[in-house]
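*Asks:* Structure in structure tokens, see below.
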Amino acid sequence: MRADDSLWEVSAFSDDEHELDPKDVDRRMREDGWTVIDVREPYEREAGYVDGTRHIELERLASQAETIERDQPVIFLCRLGSRSGMASQAFRASGYDAYNLRGGITAWVEAGLPLEPADGYVAEH
């Protein structure tokens with residue numbers, strides 16, 4: 001790893017073609033109406049979340065797959081991008097047009113994008 005690499009860029013589940021940076025995710029959510037699913041634990045979500053995202057814990061994702069539309073792209077997010085990377089790979093393997101928020105919600109905050117509530121923060125996992 002180079003000295004200027006962030007830890008969030010290193011993941012066994014990285015796939016550059018299906019990794020989106022925070023500003024791109026924000027734009028696709030607002031302008032294109034893409035679904036964004038937060039796969040973090042409930043306590044992580046309660047600490048701070050991206051407005052307009054849907055919460056489905058990673059462990060419940062398979063049982064909730066039928067509730068996620070197949071006819072539009074879906075983006076997954078977690079704290080650093082590893083759990084959501086696994087989710088996006090699994091959903092792509094099942095025929096979804098699935099993407100991962102590169103660096104997770106940590107990268108979102110680093111990019112200066114807002115969390116809800118106003119005093120929201122990124123909880124440790």
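We did not get these values from a lab; they are worked out from the coordinates using the rules stated. Just so it is clear, the structure is predicted and the values come from calculations on it, not from any experiment. Don't worry about glycine lacking a Cβ; one is built from the backbone with ideal geometry, like all the others, and counts go over all protein chains shown.
*Asks:* Taking segment 51-102 as the search range and keeping residues that are within 28 Å of residue 118 (Cα to Cα) and basic (Lys, Arg), which one is surrounded by the fewest Cβ atoms within 10 Å (Cβ to Cβ)?
*Replies:* Per the criteria, the residue is 60.
*Asks:* Another question, if that's okay. Which residues, counting only those in segment 109-125, are among the hydrophobic types (A, V, I, L, M, F, W, C) and either in contact (Cβ under 8 Å) with a residue 40 or more places away in the chain or surrounded by 15 or more Cβ atoms within 10 Å (Cβ to Cβ) (or both)? Working first, answer last.
*Replies:* So in segment 109-125, the residues among the hydrophobic types (A, V, I, L, M, F, W, C) come out as 109, 111, 113, 115, 118, 122-123.
109, 111, 113, 115, 122, 123 - these are the residues of segment 109-125 that are among the hydrophobic types (A, V, I, L, M, F, W, C) and either in contact (Cβ under 8 Å) with a residue 40 or more places away in the chain or surrounded by 15 or more Cβ atoms within 10 Å (Cβ to Cβ) (or both).
*Asks:* Could you tell me how many of the residues in segment 28-50 are closer than 19 Å to residue 109 by Cβ and surrounded by 13 or more Cβ atoms within 10 Å (Cβ to Cβ)?
*Replies:* Residues flagged as closer than 19 Å to residue 109 by Cβ and surrounded by 13 or more Cβ atoms within 10 Å (Cβ to Cβ) within segment 28-50 amount to 15.
*Asks:* Oh, and also: Please state which of the following conditions residue 69 fails to meet, knowing it meets all the rest: (1) out of contact with any Pro (no Cβ under 8 Å at 6 or more places or on another chain); (2) part of a helix (DSSP H, G or I).
*Replies:* Status for residue 69: all satisfied but (2).
*Asks:* Related question: Mind checking whether some residue in segment 101-108 is without any contact (Cβ under 8 Å) to a residue 60 or more places away in the chain and in a loop (DSSP other than H, G, I, E, B)?
*Replies:* No, segment 101-108 contains no residue that is without any contact (Cβ under 8 Å) to a residue 60 or more places away in the chain and in a loop (DSSP other than H, G, I, E, B).
*Asks:* I'd like the full set of residues that are of a type outside the set (Phe, Trp, Tyr) and either within 16 Å of residue 84 (Cα to Cα) or in contact with a strand residue (DSSP E or B) (Cβ under 6 Å, 6 or more places away or on another chain) (or both), limited to segment 98-122.
*Replies:* 98, 100, 101, 102, 103, 104, 105, 106, 107, 116, 122
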